[in-house]
């Protein structure tokens, strides 16, 4: 009897942990959510700008079916199977809904400058909607909350270039938005790639890499040219060299992001344990153990 009880306990723990591990898919989709595999409930953890285009749950259902690759769960998805987790859907006004087409990967979009932020970030208007945009691949010194060496120069250079011609944003890679809900894009001003121009000016200290991108080679070559020519922060007479601690911080941020993306939410773990079948098994095993002890 003791052997039987031990086997049942082992089986219970195996079932419990396997259920928990398969209940969460790991990463979030482009809307900032995922399906809980145990019951196909869609959990909107961190709504992106794309998700906020939905005015209500019915509209969000259509976006989920388009951008989430869980075929099994999307087929049976309804509005009541969405948990907003306290978030409110922003939506856009009816007057703008027709002109605000959903952005897609691998496409180019005409844009209008709304505001310069720093050397690698700006706000643009695209299809009637404003997007805070993080320039793909390059990382320039900070110039907003914290002012780093060459941060102001990078910001001024970028802003001046953005005012010199028609702007086109080109999406690329595997995701439209980063974890801060910023649009990720290559920025063209006329026929010039802005990231390449900033790098050539010696104002890029590191590469903020979200994946494999179309113009990586051009930007890396531009930085190599800046170093050869002693441009910007790579000037031989400059006492303000690229901040190695900043590069280490960027690398750590990437590592932390990867860990965060692969770490299940605590609320999911708790919800997975609240399964009536598991409670039934726990009660059964406890009863057998008590019976075995009494039999002694």
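FYI, it's all coordinate maths here, none of it is from the lab. No experiment lies behind these values; they were computed from the predicted model shown. Ideal geometry is used to build each Cβ from the backbone, glycine not excepted, and the neighbour counts take in all protein chains shown.
A few comments on the model shown:
- Computing FRET efficiency as 1/(1 + (r/R0)^6) for residue 38 and residue 290, where r is the C-beta to C-beta distance and R0 is 41 Å, gives about 0.90.
- Once the C-beta distance of residue 114 and residue 46 is scaled by a Förster radius of 25 Å, the resulting FRET efficiency is 0.60 to the nearest 0.05.
- Taking region 99-246 and dividing mean pair separation by its residue count, relative contact order in percent (alpha carbons under 8 Å, at least six apart): 23
- Calculated SAXS-style log₁₀ I(q)/I(0) at q = 0.22, 0.29 Å⁻¹ - region 24-91, Debye, Cα scatterers: -0.84, -1.60
- Each label point was placed 7 Å from the Cα along the Cα-to-Cβ direction; for residue 125 and residue 179 their separation is 3.3 nm.
- With each label modelled as a point 7 angstrom along the Cα→C-beta vector, the residue 220-residue 280 pair spans 5.7 nm.
- Placing a label point 7 Å from the Cα of residue 102 along the Cα-to-Cβ line, the residues of region 42-68 whose backbone N sits under 12 Å from it are 50-55, 59-68.
- Panel order for 135, 35, by other beta carbons found within 10 Å of each beta carbon, from fewest to most: 35, 135.
- Between residue 212 and residue 229, the distance separating the two model label sites (each 7 Å from Cα on the Cα→Cβ line) works out to 3.0 nm.
- Residue-span extension gain [residue 58 to residue 147] - 0.36 nm each, minus C-alpha spacing: 27.6 nm
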